[in-house]
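What follows is calculated from the coordinates using simple rules that are stated; it is not laboratory data. Keep in mind that what you see is a predicted model, and the values were worked out from it rather than measured. Virtual Cβ from ideal backbone geometry, glycine too; neighbours counted across all protein chains shown.
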Amino acid sequence: MLQDDTIAAISTAPGVGAIAIVRLSGPDSFKIAEKLFWPRKNRQSDHEKFDRGQDKSATNDSKASGNNDFWQPVSHHASIGYIKDPSRDNKLVDEVVLIAYQAPHTYTGEDLVEINCHGSPIVTREILSLILAQGARLAEKGEFTKRSFLAGRLDLTQAEAVLDIIHSKTERQSELALSVLQGHLGEEIKAIRKRLIELLTRIVAGIDFPEEVGELDVSDINAVTEECLTKLNQLARTARSGRFLREGLKLAIVGRPNAGKSSLLNRLLNFERAIVTDIPGTTRDSIEEPVDVNGIPVILVDTAGVRHTEDRVEQIGIERTTRAIEEADLTCVLLDGTTASGQEEQVLLGKLKELARPYFVAINKIDLCGSKAMDNGNLPDLINFSIGKPLAISAKMGEGIEDLKGMIEHFALTDNSVKELGGSLNERQGALCIKAVEALERLLAASLSGLPQDCLASDLKLAVDALDAISGQVVTEEVITEVFANFCIGK
Ligand SMILES: Nc1nc2c(ncn2[C@@H]2O[C@H](COP(=O)(O)OP(=O)(O)O)[C@@H](O)[C@H]2O)c(=O)[nH]1
Ligand SMILES: [Mg+2]
């Protein structure tokens, strides 16, 4: 679907830069560029023209007659030249490099022009206003990418990946978003959709032509449904990773005072952010710090610790730690390897079980106690409910820290699903994926309870519709508007 108007925007970030790009897309892009752009033939003659002021009349005539023999757009070619203001006697505005892209092999699928000018906000704004004066309209947020989607150049998962690349905070994030842009996630969804359509066609054929085709074997229906359910469940789980990658994963470090929580925070940050002393209770309030852990944006939360005094565990410490665990996506329970676990850890275990939040156990100070440290994790339940094996670390010396980072990464990337699938779903896609899962679960239950096959078709159709909405094959205007509203202008 091609649009009939021409849009323009400054595509580079606001502010001063070496160069900036002003972009035009739509049917009049070349016509507008022709009016404003004067290619440089060669430096010598150009200088002469300007010095003598001779170019004005000559070029004016040719532009006015619409017979511009100075610039002929050649697709995917860059031309060096000048932007001039036709309303002010062709006053020179900037020296630029202009690239013309002819439809359909362009980002938007339309005729597209990119003007690389000098990166002054004055220059870019002036060029943009000249373009707008020639009849282009200021692009809305994400409108270039939206046009690409509407022209069928990108599916909706790819268009959303463009947004993720722009906003990525770590290398891992941009890598995964790039993989989605290349269509890996879309292919995965297409493959599941294909299986479901085959099944639907076969069921419908059996209903419409019972004599010729006959009913499909129930075990075949169940097998395909289960196969698709496994894949969709794996995809749906990646939505959680998508959130971690986009918004960050909050990791609370909890444990008794002096376990080494602040030392661990400092070690992960690579600088002395939190005060470390051997006086228990040094960290009073929770400290939050963002850090890149193997490409995962992690927000570390160092807590005051759960303290045991005068035969009781301090209530304030418990309350603060409980809040930190509740607010965190993952908790690291830090044990002091040099002392046996006690009431503090019992209280922590109780809280973790009650809150049912994911956590792992790390036993610290192995530089002091070596392999004996593991014996100190003498709370079997604490280990049993954790997401992985306990880790032996030394926050002070750095031992085991790579394992600890690996544990966080593994959790954030939903085991290995994100790597296997080449990306993660975003919130919108995740909700649709769950819709497809629910439809297939209903179908499977109906099939297992022996319902006739015509009852299965409607849920199958619902699952296909949900997948189509993920890739954008069937979406409402409202969804499209919402997706692109998150973009910036010029993309
Ligand atoms: N030997 C050794 N000492 C450590 C280690 N981690 C922390 N410490 C020491 O334990 C004490 C308490 O550390 P801190 O990080 O303040 O513990 P927090 O109260 O849990 O925040 C300090 O004296 C640290 O130097 C470690 O891995 N090895
Ligand atoms: Mg501390």
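Principal semi-axes of the equivalent ellipsoid, √(5λ) from the alpha carbon gyration tensor of the chain, are 55, 38, 15 Å from largest down. When +1 charges are put on Lys and Arg Cβ atoms and -1 charges on Asp and Glu Cβ atoms, the dipole computed for the chain relative to its Cα centre reaches about 1460 debye.
Along the axis of the charge dipole computed for the chain (Cβ charges of +1 for Lys and Arg, -1 for Asp and Glu, origin at the Cα centre), the listed residues A239, G109, P121 are led at the positive end by P121. Between helix 401-412 and the chain, what is the angle of the helix's C-alpha long axis to the longest principal axis, kept within 0 to 90° and rounded to the nearest 10? It works out to around 70 degrees. The calculated FRET efficiency for the pair D454 and N233, based on their C-beta separation and a Förster distance of 25 Å, comes to about 0.40. One chain, two ends: D403 and H105. Fully extended at 0.36 nm per residue, the span grows by 102.6 nm beyond their Cα-Cα distance.
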